[in-house]
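These notes are about the structure you will find just below.
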Amino acid sequence: MPAFMSEYDLKTTVTETDEDGLNRVEQALGLGSGVEIVEALERLHPADFSDQFEQLTDSQREELIVRAPELITSDVLAELEDEVVEDILPLISAEKLAVDLAEMDNDDALQIIEEMEDAQREDVMEALEPADRAQLEASLSFDDETIGRLMQREFVAAPEFWTVGDTIDHMRETGEALPDLFFNIYVVDTKFIPIGYVPVSRLMRADRKVRLDEVMEDLIVTISQEQDQEEAAYLFEKYHLISAPVVDDAGRIVGMMTVDDIIYIIQEENKEDILALAGVSDAGLTDTATSIVKSRAPWLFVNLATAVLASLVIAQFDYAISEIVALAILMPIVASMGGNAGTQALAVAVRALSERDLTSQTAKRAVKREALAATIIGLIFAVVLAGIAFIWFGDPTLALVAFLAMIVNHVFAGLAGILVPLGLKKFGADPAVASSVFVTTVTDVVGFFAFLGTAVLLLL
């Protein structure tokens, strides 16, 4: 019997805040035996325990696993962050891991397998039952972030000529082989190709003698096992799916995706895009300062190079700045406003691309709209900056320079914010990864050049 209560036995499971739970875990570590530690923590819900376990130090986690290994159940492993799983796997025996993986859904078990070192993975796979091992090996044969890698290989399918009673009796006889969580029974033809589905709620309300093809719904979509996870998430969002069958090249059902898996994918994709826009990677609980430096420094070097490029533009007008000091005061305002405007346009464009709202058919209209919006915003803030420049320095020509430069930079910023991610997408690159560097470069270079170039023409 697992140390933690079943996820369905919520009445007897303790849930508490992270702070209270962390104190509870740390206090348990001060107890004498492993049995006492288990007794103190076994009533915590696996999700709460995993959150608090992640906040422990490396030494505390190791101590807890050594003294009370039974607390690290399959439910807990499924809840832990990947970097924490990777950190603790060497502390757990291959035999225990094999037992835990056998209790998990295929997709959860695969995530644990992926975090193992090669030697440990071989030991664990050897300790698994042949059927479980075959399923995991089949999943590992697919590329990362494809549905074949992520799908649940446990599903419920029935032929169209079965009755509701036949289906219910079959599920009762199948017992533990059923998925832990499923919403639909997939109706298949003689070639095992899905032709429809029956929601479990409808099955339970129907008469036992009714055939499945009389109560089934037509399939909205099927997902290929070779399909990218982001494409699958888009289909779930577009058609408001709760689950969908996964098919092989011949159209036969081989697995399913459920909404809980898709939520995880959406969260991961959104997190990846947000971090990529900032040019950083995720800093997990187990990451060191050295690993953080290695992930962030390359992008900072790229930013340094673009900053040098902008400085070279300024250097071409150093004589103008030396003669008119006011230029040095107003110049950063123009560049900064353009940079912020470009970032706004970029964030909207990347989001629209990820949601398939910005496509080749809508791109022309979107670019026109962004150019018009950028011009209007540029005019608004050009008037404001020109007024500030005139009040500050009392020079109408300098105010005109600020006015013109602000409009030019805003227009270029808006266009760069949408054209750069569109261009990267067209060439097969991820718009979220490199767009910010290019947009910042455009706004800085154009901002300085427009302001200083106009100043030379009108003031010198």
Dipole of the chain, positive direction: furthest Cα of LEU181, VAL84, PHE142, with charges on the beta-carbon
PHE142
Value of [θ]222 nm, deg cm²/dmol, for the chain, DSSP H segments ≥ 4, -39500 (n - 2.57) each, nearest 500
-21000 deg cm²/dmol
With +1 on the Cβ of every Lys and Arg and -1 on the Cβ of every Asp and Glu, the dipole magnitude of the stretch 157-277 about its Cα centre, in debye rounded to the nearest 20, is 680 debye
Provide THR57, THR163, THR362 in ascending order of the number of other Cβ atoms located within 10 Å of each residue's Cβ, fewest first.
THR57, THR362, THR163
Subtracting the Cα-Cα distance of VAL293 and ASN340 from 0.36 nm times their residue separation yields 14.3 nm
To the nearest 0.05, how large is the calculated FRET efficiency for ILE193 and ARG369 if R₀ is 56 Å and r is the Cβ-Cβ distance?
0.80
Measure out, as a whole number of angstrom, how far apart the alpha-carbon centroids of the stretch 93-162 and the stretch 339-356 sit.
38 Å
Put a dot 7 Å past each Cα toward the Cβ at VAL384 and HIS240; how far apart are the dots in nm?
4.1 nm
Would you be so kind as to identify which of GLY394, PRO431, LEU459 lies farthest towards the positive end of the dipole of the stretch 289-459, taking Lys and Arg as +1 and Asp and Glu as -1 on Cβ and the Cα centre as origin?
PRO431
Quick one: Kirkwood hydrodynamic radius for the stretch 10-150, alpha-carbon pairs, angstrom, one decimal?
15.8 Å
What are the radius of gyration and Dmax of the chain, computed over its Cα atoms and given in Å?
29.5, 94
For the chain, with +1 on Lys and Arg beta carbons and -1 on Asp and Glu, the positive-most of MET337, LEU41, PRO245 along the dipole:
MET337
Computed on Cα atoms, the radius of gyration and Dmax of the stretch 345-443 in angstrom are 16.0, 51
Specify the inter-centroid distance of the stretch 191-267 and the stretch 402-445, based on alpha-carbon positions, in whole Å.
40 Å
Quick one: length gained pulling GLU129 to LEU459 fully straight, 0.36 nm per residue minus the C-alpha distance?
110.6 nm
With r as the distance between the Cβ atoms of TYR264 and ALA328 and R0 = 45 Å, compute the FRET efficiency 1/(1 + (r/R0)^6) and round to 0.05.
0.35
Please report LEU457, LEU91, LEU241, LEU150 as a ranked list, fewest other C-beta atoms within 10 angstrom at the top and most at the bottom.
LEU457, LEU91, LEU241, LEU150
Which value, in debye to the nearest 20, gives the size of the charge dipole of the chain about its Cα centre, when Lys and Arg are +1 and Asp and Glu are -1 at the Cβ?
3320 debye
Straight-line reach only, C-alpha to C-alpha below 26 angstrom: list the lysines that LYS426 could link to, leaving out same-chain residues fewer than 8 apart.
LYS238, LYS271, LYS364, LYS368
PRE reach from GLN361 (point 7 Å along Cα→Cβ): which of the stretch 212-231 fall under 17 Å by backbone N?
none
Amide N of the stretch 313-330 lying under 12 Å from the label point, which is placed 7 angstrom from the Cα of TRP392 along Cα→Cβ:
325-330
Sequence-separation-based contact order of the stretch 350-460, relative, with Cα cut under 8 Å and 6+ spacing, percent:
28 percent
Restricting to Cα pairs under 8 Å and 6 or more apart, the percent relative contact order of the chain works out to 11 percent
If you take the beta carbon distance between GLU70 and ILE168 as r and set R0 to 41 Å, what does 1/(1 + (r/R0)^6) give as a FRET efficiency, to the nearest 0.05?
0.70
Please report the antiparallel percentage of the DSSP beta bridges confined to the chain, to the nearest 5.
70 percent
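Where a number appears in this text, it was derived from the coordinates with a stated rule and is not lab data. Note that the structure is a prediction, hence the values are computed from the model and not measured. FYI the Cβ positions are ideal-geometry reconstructions off the backbone, even for glycines, and counts take in every protein chain you see.
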